[in-house]
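Notes to accompany the following structure.
The values are calculated or read from the model by the stated rules, or taken from the named source; none is laboratory data. Computed from a predicted structure; not experimentally measured. FYI the Cβ positions are ideal-geometry reconstructions off the backbone, even for glycines, and counts take in every protein chain you see.
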Amino acid sequence: ARYAFNIAILALWCGLGVWLFCPDIHIYTGLSALLHGVIIWGAVKDVQAGMFSGWFLFAGTWAKVIWEQIAGPSESVSQLIASNVAIDAHFIGAVGGTLLALPIFIKIIKNCE
């Protein structure tokens, strides 16, 4: 039930985020924003479960999102999917996943003290 709730919240966050902050995107048909949010949230859940690899997944996903913001979308991926890559949607999803994971981060920090 909690997982379904988190997916619904992330989907709403991503949909509203793309609609409000990406006026140049008129039709968004992918799930990449939601996927980035789920990956970030899941990475933090991995850390909470004691899996150090969660930190690598968290940092790697954020590094990818930041790189996309700096370098722009990948031309080869655009050709592969025959569409434009919505890098701003990826950013919105990653922010949503990070915000969703904030209570978990707080628990992790308190447990380290």
Can you name every residue in the stretch 18-39 that is at pLDDT below 90 and within 23 Å of LEU57 (Cα to Cα)?
-> GLY30, LEU31, SER32
Name every residue in the stretch 1-14 that is part of a helix (DSSP H, G or I) and without any contact (Cβ under 8 Å) to a residue 12 or more places away in the chain, in order of residue number.
-> ARG2, TYR3, ALA4, PHE5, ALA8, LEU12
Could you please find all residues in the stretch 24-57 being of a type in the set (Phe, Trp, Tyr) and either more than 18 Å from VAL95 (Cβ to Cβ) or out of contact with any Gly (no Cβ under 9 Å at 6 or more places or on another chain) (or both)?
-> PHE52, TRP55, PHE56
Could you please give the count of residues in the stretch 16-31 that are in contact (Cβ under 8 Å) with a residue 12 or more places away in the chain, surrounded by fewer than 17 Cβ atoms within 10 Å (Cβ to Cβ) and in a helix (DSSP H, G or I)?
-> 1
Evaluate the stretch 59-70: report whether one residue or more is at pLDDT 90 or above and touching a Ser or Thr at 6+ places or on another chain (Cβ under 7 Å).
-> no
